[in-house]
Amino acid sequence: MVFIIVSIPLYIVAFILYAVRGFKGPTVFDSTISIDALCYDVSAFMVILSVYFRSYLLLGAGILLALWAYILDVVIARYYDRFTRIGGDGGD
Amino acid sequence: MGLGGLVLTIIGGAIIFIGGLFDLVAALGVNKFPDFYTRLHAVTIGAIGGAVYPIIGSAILVFGVPGLSLSARLSFALPMLVIASLILITAPTGSHAVARAAYRSGLKPYRRIPGEVKK
Amino acid sequence: MFPVLHLVMLAVVLGVSFITIYLMVQERDLLKMIVLSAAQSTFYAIALYILLVPDVVLAYIAVAVGIYTALLMFAVKKTERFEEA
């Protein structure tokens, strides 16, 4: 339990730094990959908190968050593949 | 549990702490790198080293926590391995899809001009 | 009793979520607004998880991170991407 309580602030600071890059990313792709890594790390944080709370019923949220973050990536990539021309606006 | 439980607790907790350090370093790199293609490198480190390793570490840590039955420990550990393998498959695939979309939409890589002052 | 660590985590996560909502409202690029909406729902998921309601988290993640972004992407495809000032 001591290890978990010590490593919780590292995760919180990392979440805030990922969110800063997600806010001010120059292109949409920067925000997308930053929020994607944020979702995966929140999934790992939920697993660690389920050990801290000692309840294995809390683990299902981690599985769902890892799967739907992948859907977010695919949606943004599909927008650029289908609906813009190749070599177009440079992502803006 | 005795000595074995103590060893498992220390190994699992150390892996969780190292995963947190990986996560912090990846977040710093995302903020410091100049370009999308170099930020992709740091982000993939954050997804694999910061998410897969702590989940496996907490699956080890569960076997050292006192006061749980064996079926409860297995109910913790098996879904954790499922989540770790899912992230191990989906994180490189999603990063590759976004990188391909960025390259096909004409995003230029960063090129340092000689004599330019570094920001 | 409710430990202090949980209260600190709740305060940080909800504060970042509030900033995200402000940036989302004043954003002109609609595609970037969709990505910021996903970020805001992720922070809300942490807050609901700390409050120990995993069943709400299951429904909230599936709707707000996945289905909402996909629906809004198809809506942006039908109109223009950049909002007029």
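What to note about this one:
- For C:Ile67, the conditions (1) surrounded by fewer than 19 Cβ atoms within 10 Å (Cβ to Cβ); (2) modelled with pLDDT under 90; (3) more than 16 Å from A:Met46 (Cα to Cα) are fulfilled apart from (2).
- Extreme residue, farthest from A:Ile48 (Cα to Cα), among residues of region C:26-36 that are part of a helix (DSSP H, G or I) and open to solvent by 10 Å² or more (accessible area, probe 1.4 Å): C:Leu30
- Residues of region B:58-78 that are in a loop (DSSP other than H, G, I, E, B), open to solvent by 20 Å² or more (accessible area, probe 1.4 Å) and not hydrophobic (A, V, I, L, M, F, W, C): B:Pro66, B:Gly67, B:Ser69.
- Filtered by the rule that a residue be open to solvent by less than 40 Å² (accessible area, probe 1.4 Å), under 14 Å from C:Ser37 (Cα atoms) and more than 8 Å from chain A (Cβ to nearest Cβ), region C:7-24 gives a lone residue, C:Ser17.
- Residues within region B:13-24 that are buried (at least 16 other Cβ atoms within 10 Å of the Cβ) and touching a residue at least 12 places away in the same chain (Cβ under 8 Å), tallied: 8
- The listed residue being of a type in the set (A, V, I, L, M), facing another protein chain (nearest Cβ under 7 Å) and free of Cβ contacts under 8 Å to residues at least 60 places away in the same chain, out of B:Ala77, B:Ala84, B:Ala59, B:Ala91: B:Ala91
- Which listed residue is assigned to a loop (DSSP other than H, G, I, E, B) and either aromatic (Phe, Trp, Tyr) or open to solvent by 80 Å² or more (accessible area, probe 1.4 Å) (or both), from B:Tyr110, B:Tyr103: B:Tyr110
- Filter result (of a type outside the set (Gly, Ala, Ser), in contact (Cβ under 8 Å) with a residue 12 or more places away in the chain and open to solvent by less than 70 Å² (accessible area, probe 1.4 Å)) within region C:43-64: C:Phe43, C:Ile46, C:Leu48, C:Ile50, C:Val57, C:Tyr60, C:Ile61
- Region A:1-22 residues that are farther than 29 Å from B:Val7 by Cβ, paired with ones that are among the hydroxyl-bearing types (Ser, Thr, Tyr) (beta carbon under 8 Å, 6 or more apart): A:Tyr18/A:Ser34; A:Ala19/A:Ser34; A:Ala19/C:Thr20; A:Arg21/A:Ser31; A:Arg21/A:Ser34; A:Gly22/A:Ser31; A:Gly22/A:Ser34
- Among the numbered conditions (1) open to solvent by less than 30 Å² (accessible area, probe 1.4 Å); (2) without any contact (Cβ under 8 Å) to a residue 24 or more places away in the chain, the only one that A:Thr32 does not meet is (2).
The values are calculated or read from the model by the stated rules, or taken from the named source; none is laboratory data. Predicted, not measured: the structure shown is a model, and the values here were computed from it. Every residue, glycine as well, gets a Cβ built from its backbone with ideal geometry; the counts of neighbours run over all protein chains shown. The accessibility values were calculated without ligands, DNA or RNA, using every heavy atom of the protein model including side chains. Shrake-Rupley method; radii C 1.70, N 1.55, O 1.52, S 1.80 Å.
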